[in-house]
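Quick note: the coordinates plus some simple rules give every number you see, no bench work behind them. Since the structure is predicted, the reported quantities are computational estimates derived from the model, not experimental observations. Neighbour counts run over all protein chains shown; Cβ positions are idealised from the backbone, glycine included.
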Amino acid sequence: MADTLGSRLADDGDTVRFVLTGDGSTPHPQGKREARAYIDRTRPVALIWMGGTVDLGTLQAAADAQLPVIMVNMDGASIAPLTGFWTRGRTRAVLGRTRLVLAVDKAAERAFVAAGVDRKKVKTDVRLEEPVSVLPYTETDRRAIADALNNRPVWCATRVTMNMVAGLIAAHRHATRRSHRLLLVAEAADPRAGAALAQAFGDQRLLTEQSSVAQIPQEAAQVHVADSDGDLGLWLRLASVTFAGGTFDRSDAQDPFAIATLGSGLIHGPMTEPFAARYARLDAAQATRKIDQWTELGPAVEDLLAADRVARLVAAGWDVTSQGAEAADLIVSLIRDAVDGMAA
């Protein structure tokens, strides 16, 4: 995450060097004495504490050195060891000098305020994380396909494998009861399997095309197998609803932020690794439609074809995925203030 901040500063022409401790190669200084010696040696302009249990000695040393302290991705457990009777007064004195706390939830906010941080210095539900990798696409291709679709409704399934075909066919047939022009875009998990997937859908009497053969779906097509480079970024910008592949089997799940960032309503199954934390955050914000079995997929797609329902999911998803940028902006602003203060 330090790389995220460094890149953000570099994009604006600022050169700031980050010194990381606790990363496996450089241990954290332990206690106030070690921390003060480390600060004297490295001469930082700010201390950014990224999650984990707070060390009061380090914060005390930073406060004594008049370093702005920014605490990131903090939960209630981070300060639980500091709330005992004998440490309460010292904890309040030290935490009261903190410049900013990014708390992961309301419970964390309450814990830090109770421990001595000014409520105005606590931002809740703002989390710094690795930037979302926005999938690429070509705007001229998107525009050409959108014109050809002529407002035809589209739903997408990502990372499609042969064992998903039967479930997707059943879901598509259910959803077309609401919209007979509905197009299913099946993004092949392995582009080399595109022809086999197209054959499997075609065998069930669904008119199927492949993007590697014809990029623009014909009006009569019911399924479009996306098996060309860059297809997913293109279709996530065109599909109003997307089912995250890999969430009904033991293969890796689709990154949900890749879907939510591009404004497609997200449906997923119960198996969410290696992105379980991201799915959980979206679920908590009611930014997804979680289903437990294949038979629920068709009704979920049908329901989300209603513009008002999918719009709520998309708006909630955007709020979650944009938190990282908000957190980075806050931290970068404070780092600049610290650097400017040193230069003055």
Listed residues Val213, Leu334, Ala195: farthest to the positive end of the dipole of the range 187-344 (Cβ charges): Leu334
Debye, to nearest 20: dipole size of the range 190-306, +1 on Lys, Arg Cβ, -1 on Asp, Glu Cβ: 240 debye
Cut-off 15 Å between beta-carbons: net charge of the residues surrounding Ala258, Lys and Arg +1, Asp and Glu -1: -2
GNM flexibility winner over the chain from His224, His268, His28 (Cα, springs under 10 Å): His28
The chain: angle of helix 307-321 to the longest principal axis, Cα-based, in degrees nearest 10: 30 degrees
Gain on full stretching of the segment that runs from Asp203 to Ala77 - 0.36 nm per residue minus C-alpha separation: 39.9 nm
Chain lengthening between Ala93 and Ser251 when straightened (0.36 nm per residue, less Cα-Cα): 51.9 nm
Those trypsin sites (Lys or Arg not before Pro) in the range 198-284 that DSSP places in a loop and that have at most 11 other beta carbons within 10 Å: Arg205, Arg250
The range 222-343 - Kirkwood radius from inverse mean 1/r over Cα pairs (Å): 15.8 Å
Measure of compaction for the range 152-256 (Cα Rg per 2.2 N^0.38 Å): 0.95
Gaussian network model of the chain, springs between alpha carbon atoms under 10 Å - residue of Gly57, Gly317, Gly245 with greatest fluctuation: Gly57
Label-reachable residues, the range 245-283, where backbone N falls under 16 Å from a point 7 Å from Ser179's Cα toward its Cβ: 263-267
Largest-first principal axis extents of the Cα set of the range 94-182 (Å): 62, 33, 26
Label-point gap, in nm, between Asp190 and Asp40 - each point 7 angstrom along Cα→Cβ: 6.2 nm
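Treat every Asp and Glu Cβ in the chain as -1 and every Lys and Arg Cβ as +1, leave all other atoms uncharged, and give the resulting dipole magnitude about the Cα centre to the nearest 20 debye. If you can, show how the numbers build up before the last one.
Numbers: 38 positive and 42 negative charges, 268 e Å.
The dipole of the chain has a size of about 1280 debye.
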Using a Förster distance of 30 Å, the FRET efficiency for Ala220-Thr295 (Cβ separation, nearest 0.05): 0.60
Residue-wise HN-Hα coupling along the range 266-282, computed from phi with Karplus coefficients 6.51, -1.76, 1.60 (Hz; x: Gly, Pro): 9, 10, 8, x, x, 9, 10, 5, x, 10, 4, 5, 5, 4, 4, 5, 5
The chain, relative contact order in percent, only Cα pairs under 8 angstrom and at least six apart counted: 15 percent
Inverse mean reciprocal Cα-Cα distance (Kirkwood Rh) of the range 278-344, Å: 14.6 Å
Cα centroid of the range 203-280 to Cα centroid of the range 126-182, whole Å: 5 Å
Vicinal HN-Hα couplings computed from phi for the range 238-251 (Karplus, 6.51 cos²θ - 1.76 cosθ + 1.60; Hz; Gly/Pro x): 10, 8, 7, 9, 9, 9, 7, x, x, 9, 10, 9, 9, 7
Extended-chain gain in nm, criterion 0.36 nm per residue less alpha-carbon gap, Lys106 and Glu273: 57.6 nm
Answer label for Rg/Rh (Cα atoms, Kirkwood Rh) (calculated), chosen among [x] 0.98; [y] 1.23; [z] 1.09: [z]
Distance between modelled label sites at Ala311 and Asp329, nm, 7 Å Cα→Cβ extension: 2.3 nm
For a label point 7 Å along the Cα-to-beta-carbon line of His28, residues of the range 53-72 with backbone N under 17 Å: 53-63, 69-72
Degrees, to the nearest 10: 165-175 long Cα axis against longest axis of the chain: 80 degrees
